[in-house]
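S.K.: First the structure, which I've put down as structure tokens, then a few questions once you've had a look.
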Amino acid sequence: MRALLLVVLLLTTSLAGCVAPEPMLGEPMEPATPSDETPERMTIVAPTAGRSVDESPVLDVVASADGNATLLVWVAAGCSGCHDWTEMIATAREEGNYTDLRVVSVHRYPSFEDADEVIDRYGTANTSTEATWPLLLPSDGDTVVNADTGEATAVDLVDAFEGPVTPTLQVLDGEGHLVWTSKTYWSNTSVLDEAATLMRSLNEAVA
């Protein structure tokens, strides 16, 4: 009887914690699904406002950057800080500053702001809030694109960019790595200069 109890105890101990059989040598394992994870190199592919400065009806931020870094400005139509940043950057560029740097504005809240509102605010010529650079208009639920493969992932666009509020400024390097973020609400020359210094350094490294 004691021997039988010992055998049962040994079997119970050896099976403890087993939930699934180990794959045998040479047995194919279930492949990982990289599309369910934020890619290391990512890009935004979305329709634009359709102006000449928007470059094309649909823009791929990284593919169209020719290896250069991009300053992303996440905006909303009713965001006063976004208006302030847009006006400040546009004015500075009109005066000949930061013209060597690529800027792209991205609509942040397509779930409750109509694209026409955003175009009226940032795409109307000769207004103080005109974005004189590409304006992207993603749809609600759009996912981030893997810059290596060019394929859409299952990762929400906003989640991939770490949930930017408005306004948020981010630097995406020429390969699609997110390398800098600022959520400073009102326009600030020091913040813009910090982004510009980083972008120029990144661009020089790949020149």
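S.K.: For the range 96-129, how many residues are more than 22 Å from the chain's Cα centre (by Cα), surrounded by fewer than 18 Cβ atoms within 10 Å (Cβ to Cβ) and not acidic (D, E)?
M.R.: Final tally of qualifying residues: 8.
S.K.: Next up: If you take the residues in the range 33-82 that are in a helix (DSSP H, G or I) and among the polar types (S, T, N, Q), which one is surrounded by the most Cβ atoms within 10 Å (Cβ to Cβ)? Outline the logic, then answer.
M.R.: Initial filter on the range 33-82 (in a helix (DSSP H, G or I)): 34-36, 52-54, 63-65, 80-82.
Subsequent filtering for residues that are among the polar types (S, T, N, Q) retains 35, 52, 64, 80.
Numbers: S35: 14, S52: 5, S64: 16, S80: 12.
Ranking the candidates gives S64 first.
S.K.: Does the range 156-164 contain at least one residue that is buried (at least 19 other Cβ atoms within 10 Å of the Cβ) and free of Cβ contacts under 8 Å to residues at least 60 places away in the same chain?
M.R.: The answer is yes, given that some residue of the range 156-164 is buried (at least 19 other Cβ atoms within 10 Å of the Cβ) and free of Cβ contacts under 8 Å to residues at least 60 places away in the same chain.
S.K.: Scan S52, S35, S64, S80 and give me the residue that is of a type in the set (S, T, N, Q) and modelled with pLDDT under 95. Steps first, please.
M.R.: Numbers: S52 fails: modelled with pLDDT under 95; S64 fails: modelled with pLDDT under 95; S80 fails: modelled with pLDDT under 95.
Result: S35 is the single residue among S52, S35, S64, S80 that is of a type in the set (S, T, N, Q) and modelled with pLDDT under 95.
S.K.: Pairs, please: C-beta under 6 Å, at least 6 apart or cross-chain, first residue of a type in the set (S, T, N, Q) and in the range 183-207, second in a helix (DSSP H, G or I)?
M.R.: Within 6 Å, the pairs are T184/V191; S187/D84; S187/W85; S187/M88.
S.K.: Just to be sure, is R93 in contact (Cβ under 8 Å) with a residue 60 or more places away in the chain, surrounded by 13 or more Cβ atoms within 10 Å (Cβ to Cβ) and not in a loop (DSSP other than H, G, I, E, B)? Write out each step before concluding.
M.R.: Values: in contact (Cβ under 8 Å) with a residue 60 or more places away in the chain: no; surrounded by 13 or more Cβ atoms within 10 Å (Cβ to Cβ): yes; not in a loop (DSSP other than H, G, I, E, B): yes.
No; evaluated as a whole, the condition is false for this residue.
S.K.: Also, I was wondering about something else. Tell me which residues, restricted to the range 137-193, are over 20 Å from S56 (Cα atoms), of a type in the set (D, E, K, R), part of a loop (DSSP other than H, G, I, E, B) and touching a strand residue (DSSP E or B) at 6+ places or on another chain (Cβ under 8 Å).
M.R.: Answer for the range 137-193, where residues must be over 20 Å from S56 (Cα atoms), of a type in the set (D, E, K, R), part of a loop (DSSP other than H, G, I, E, B) and touching a strand residue (DSSP E or B) at 6+ places or on another chain (Cβ under 8 Å): E162, D173, K183.
S.K.: A further question follows. Take D120 and decide whether it is closer than 26 Å to M199 by Cα, of a type in the set (D, E, K, R) and either in contact (Cβ under 8 Å) with a residue 24 or more places away in the chain or in a loop (DSSP other than H, G, I, E, B) (or both). So that I can check it myself, show each step before the final result.
M.R.: Details: closer than 26 Å to M199 by Cα: no; of a type in the set (D, E, K, R): yes; either in contact (Cβ under 8 Å) with a residue 24 or more places away in the chain or in a loop (DSSP other than H, G, I, E, B) (or both): yes.
In short, no.
S.K.: Within the range 108-115, can one find any residue that is among the aromatic types (F, W, Y) and touching a residue at least 60 places away in the same chain (Cβ under 8 Å)? Even if it seems obvious, please write down each step before you answer.
M.R.: Applying the first criterion (among the aromatic types (F, W, Y)) to the range 108-115 yields 109, 112.
Add one more test, that the residue is touching a residue at least 60 places away in the same chain (Cβ under 8 Å), and what stays is none.
No, the conditions are met nowhere in the range 108-115.
S.K.: I would also like to ask the following. Just to verify a result, which residue in the range 130-141, among those that are of a type outside the set (S, T, N, Q) and farther than 19 Å from S52 by Cα, is surrounded by the most Cβ atoms within 10 Å (Cβ to Cβ)?
M.R.: Going residue by residue through the range 130-141, those that are of a type outside the set (S, T, N, Q) are 130-131, 133-138, 140-141.
Still in the list and also farther than 19 Å from S52 by Cα: 140-141.
Working: D140: 12, G141: 10.
Restricting to residues being of a type outside the set (S, T, N, Q) and farther than 19 Å from S52 by Cα, the top hit is D140.
The values are calculated or read from the model by the stated rules, or taken from the named source; none is laboratory data. None of the values given here were measured: they were computed from a predicted structure. Reconstructed Cβ throughout: ideal geometry from the backbone, glycine too, with neighbour counts over all protein chains shown.
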